[in-house]
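Since every read-out is calculated from the coordinates, none of them should be taken as a lab result. Bear in mind the structure is a predicted one, so any value in this text is a computation, not a measurement. Glycine also receives a Cβ, built like all others from the backbone with ideal geometry; neighbour counts cover every protein chain displayed.
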Amino acid sequence: MGKQRYKCTTCGAVFTLGKKWNERAYEDYFLKGHSYEDISFKYDRTIRTVQRSFDKLAVRHLCPILKDQYVNVCLDGVYFGWSIGFIVIRANGQNIYFEQTSETVEHIAQCLRKAEVLGYRYKSFTIDGRKGVVQMLQERYPGYLSNTASSTKRRR
């Protein structure tokens, strides 16, 4: 399968339009949940090459921008093993921002600020109910709606 290429008539530079293979592969990995093995097979690259290309990507550019819309945000920490953790902010069924960090109140506040700088505006928050996060949201966003999702355990 060939790619559409363009040549600048002024300077002679050649370029192609569309996303690069690593951006499409990262969307498959992060949004669709494909494994490294699946991606390496699909894009005909080694697993190590896929991992190195993901490390080089500027992740925030791959997330959707919902400009001039107020979004209902769901945020939580996601962990893979003991050492790798992400704070994920979701809106309208899509991950709009994530960052590899720990789930402290300070880091959550930083991630919300960074997402605001990217152009997101908040309508409400759904969180896991930690007191410090609830307090931080009430201080930073007075008057905003916030829901806490809690899991109930049965006693036997």
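Once the Cβ-Cβ distance of residue 107 and residue 24 is raised to the sixth power relative to R0 = 30 Å, the FRET efficiency obtained is 0.55. The mean sequence distance of close C-alpha pairs (under 8 Å, at least 6 residues apart), as a share of the length of segment 5-57, puts its relative contact order at 24 percent. With 0.36 nm allotted per residue and the present C-alpha distance subtracted, the residue 6-residue 117 stretch has 36.6 nm of extension available. Given a Förster distance of 35 angstrom, what is the FRET efficiency for residue 16 paired with residue 83, based on the Cβ-Cβ distance and rounded to 0.05? Step by step, r from the Cβ atoms, then E = 0.40.
Beta-bridge orientation, segment 63-148: approximately 60 percent antiparallel, per DSSP, counting only bridges with both partners inside. When you restrict to C-alpha pairs under 8 Å that are six or more residues apart and normalise by the size of segment 63-148, the relative contact order lands at 31 percent.
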